[in-house]
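The values are calculated or read from the model by the stated rules, or taken from the named source; none is laboratory data. All figures in this text were calculated on a predicted structure; none of them were measured in a lab. Note: ideal-geometry Cβ built from the backbone for every residue, glycine included; neighbour counts use all protein chains shown. Surface accessibility is based on the protein's heavy atoms, side chains included, excluding ligands, DNA and RNA. Shrake-Rupley method; radii C 1.70, N 1.55, O 1.52, S 1.80 Å.
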Amino acid sequence: MFTGIVEELGEVVKASEAFLAVRGPLVTSDAALGDSISVNGVCLTVVAVEDEVFTADVMEETYRRTAIGKLREGDRVNLERAATPTTRLGGHLVQGHVDGVAEIVKRTPAAEWEEVSFRLPAGLAKYVVEKGSITVDGTSLTVAAIEGDEFTVGLIPTTLEATTLGRKQVGDQVHIETDVVAKHVEKLLQGSTAFAPAQASDERGPR
């Protein structure tokens, strides 16, 4: 579990079809084998740590559902260690389970911030609401507006500087994780219809 508050910008050291090696002095300072680290919002398990570089195995399912496979040596990535019971929840509860890959469709600079709009993949818009939480490349953000399959967020200078979102351009892809609460509510509502009591019938029949 994560909070969506990016701790540092890491650098991809090596990327292959089976693993990813990333340099991150902060996240590796106390990393151990089996620990979870969020890489652009994707929860990966540490299998080796050496000289401020951690290595994580990457499964085919991860490559299929995310853009991790497009990372190359030298690319910058958002990193966050897993939350602890004493972690300040500055963002929102993030699982590190990517729902899909969105595309940046617009960037609008302002005096003190920047608005960025994204196009969601099919089926995800129903989980996104105005003023709700959403995770973009592992960064916890608040939805400023949503229209159809596009949503917009406002990025403050700190976010622009401390995450990859300040460097990505129109057309670039990002990982999206919607609020898990919405998905649980949908599942519960779908299940409730299966257990709804049948409408009572009048066994006496017509008079």
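The angle between the Cα long axis of helix 180-194 and the main principal axis of the chain comes to about 20°, on a 0 to 90 degree scale.
Per the Cα gyration tensor, the stretch 41-142 maps to an equivalent ellipsoid with semi-axes of 25, 18, 16 Å, ordered largest to smallest.
For the chain, the relative contact order comes to 22 percent (Cα pairs under 8 Å, sequence separation of at least 6).
Label zone (Asp57, point 7 Å along Cα-to-C-beta; backbone nitrogen cut-off 18 Å) within the stretch 1-22: 15-22.
Would you mind calculating the gained length between Ile156 and Thr142 on full extension (0.36 nm times residue separation, minus the Cα-Cα distance), in nm to one decimal?
On the way: separation 14, 0.36 × 14 = 5.04 nm, distance 1.15 nm.
Roughly 3.9 nm would be gained on extension.
When the surface is traced with a 1.4 Å probe over the full set of protein chains, Phe19 keeps roughly 60 Å² accessible.
Strictly over 26 Å apart at the Cα level, which of Lys14/Lys131; Lys131/Lys168; Lys14/Lys183; Lys70/Lys183; Lys70/Lys106 would you flag in this model?
Values: Lys14/Lys131 38 Å; Lys131/Lys168 23 Å; Lys14/Lys183 35 Å; Lys70/Lys183 28 Å; Lys70/Lys106 21 Å.
From the list (Lys14/Lys131; Lys131/Lys168; Lys14/Lys183; Lys70/Lys183; Lys70/Lys106), the Cα-Cα distance tops 26 Å for Lys14/Lys131; Lys14/Lys183; Lys70/Lys183.
So which trypsin sites (Lys or Arg not before Pro) in the stretch 28-79 pass both tests, a DSSP loop state and at most 15 other Cβ atoms within 10 Å of the Cβ? Hits after loop and neighbour filter: Arg72.
Each helix, a run of at least 4 DSSP H residues, gives -39500 (n - 2.57); summed and divided by the residues of the chain, these come to -3500 deg cm²/dmol at 222 nm.
Computed extension length for Lys70-Val101: 10.0 nm, one decimal, from 0.36 nm per residue of separation with the Cα-Cα distance subtracted.
Here the spin labels are modelled as points 7 Å beyond Cα on the Cα-Cβ line, and at Met1 and Glu17 they lie 3.8 nm apart.
If you build the Cα gyration tensor of the stretch 86-197 and take the root of 5 times each eigenvalue, what three semi-axes come out, in whole angstrom, biggest first? Walk me through the numbers on the way to the answer.
Working: eigenvalues 156, 52, 28 Å².
Semi-axis lengths for the stretch 86-197 are 28, 16, 12 Å.
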